[in-house]
Amino acid sequence: MTRKEHSKALRADPQVHYNCAQAVLIPFAGDMGLTQEQANALTLNFGAGMGCGAVCGAISGAFVAMGGLGMPQEKRVELLREFRAAHGHVECAQLLKAAMERGEERKCHCDRMVAWCMDWVSRESGLE
């Protein structure tokens, strides 16, 4: 299973709700020397824009993955710039508001944000 397939499977799991940060970080856990359980715990509190609609959880998960993978801090600025260019915002509340205005269902929207961040980290880390 690829990392992206693993991420999709986490988001589709009917038994457990994995937040966006978890769905981005957990597939990279082995690359960082972490277990899935450790990655799960590290990102447990990042969902829903840290619970207050702030920075998108998929971005937060990507930041944790980037650090764990040894990516340079400058990449953070690139991710934010590219994410904002692609989606208009980086804040969970604003992203969800825009999705609702387009008639997009929340889970579909969040799955797209997770997939985008998974693709970005995979590409930029060389772990495609």
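The ranking of M32, M1, M100, M66 from fewest to most other beta carbons within 10 Å of each one's beta carbon is M1, M100, M32, M66. Relative to its residue count, the chain spans a Cα convex hull of 96 Å³ per residue. Candidate cross-link partners of K4 among the lysines, defined by an alpha-carbon separation under 22 Å and a same-chain spacing of 8 or more, comprise K75, K107. Sorting the segments 55-65, 88-98 by their mean number of nearby beta carbons within 10 angstrom, highest to lowest, gives 55-65, 88-98.
Label positions at Q15 and Q94, each projected 7 Å from the Cα along the C-beta direction, are separated by 3.9 nm.
Every read-out reported here was derived from the displayed coordinates using simple, explicitly stated rules and does not represent laboratory data. Here the structure is a predicted model, which is why all the values come from computation and not from measurement. Methodologically, a virtual Cβ is constructed for each residue, glycine included, from the backbone with ideal geometry; neighbour enumeration extends over all protein chains shown.
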